[in-house]
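Working notes, beginning with the structure itself.
Every read-out reported here was derived from the displayed coordinates using simple, explicitly stated rules and does not represent laboratory data. From a predicted model like this one, the values you see are computed outputs, not experimental measurements. Cβ coordinates were reconstructed from backbone atoms using ideal geometry, including for glycine residues, and neighbour counts include every protein chain displayed.
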Amino acid sequence: MPTNTDDCFEALQISKNERGRVNISYIEELTGKSYDDVLFELGDAVFRNPIKVDRTDKYSGFETSEEYLSGYVKDKLQVARHYAAEFPEF
């Protein structure tokens, strides 16, 4: 099992393989980078699904773009707009 990498995308793959999901805190641990740096580097490779977000946990609700942008995307867009209006800080 890898214990470190400088590449956030490699860390994302490790997270998916080892943890079965996008785990931003684990990616921070693997890369030694901050939360903001990890999210900046991953860019549109991950999204925060508002339905799965725990507002008290900044690490909750992350999915890969493939997961989030599949299925009923029109419904997801409507939900995302609702949450963005109701909780602009997220």
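Quick notes on this structure:
- At most 13 other Cβ within 10 Å, DSSP loop - trypsin sites (Lys or Arg not before Pro), region 23-55: 55
- Dipole magnitude for the chain: computed about the Cα centre from +1 point charges on Lys and Arg Cβ and -1 point charges on Asp and Glu Cβ, it is near 440 debye.
- Each of 82, 35, 22 was scored by the projection of its Cα onto the charge dipole of the chain, and the greatest displacement toward the positive side belongs to 82; charges sit on the C-beta of Lys, Arg, Asp and Glu.
- Sites residue 5 and residue 85, calculated FRET efficiency, Cβ-Cβ separation with R0 35 Å, nearest 0.05: 0.40
- Total lysine pairs whose alpha carbons fall under 22 Å of each other in the chain (8 or more apart, or interchain): 7
- Loop-located GluC sites (Glu not before Pro) in region 53-90 (DSSP state other than H, G, I, E, B) with a sparse environment of at most 11 neighbouring Cβ atoms within 10 Å: 89.
- With helices as the sole contributors, the chain gives -14500 deg cm²/dmol at 222 nm; each DSSP H run of n ≥ 4 counts as -39500 (n - 2.57), and the sum is divided by every residue.
- Mean projected area of the convex hull spanned by the Cα atoms of region 13-90, taken over all viewing directions: 5.3 nm².
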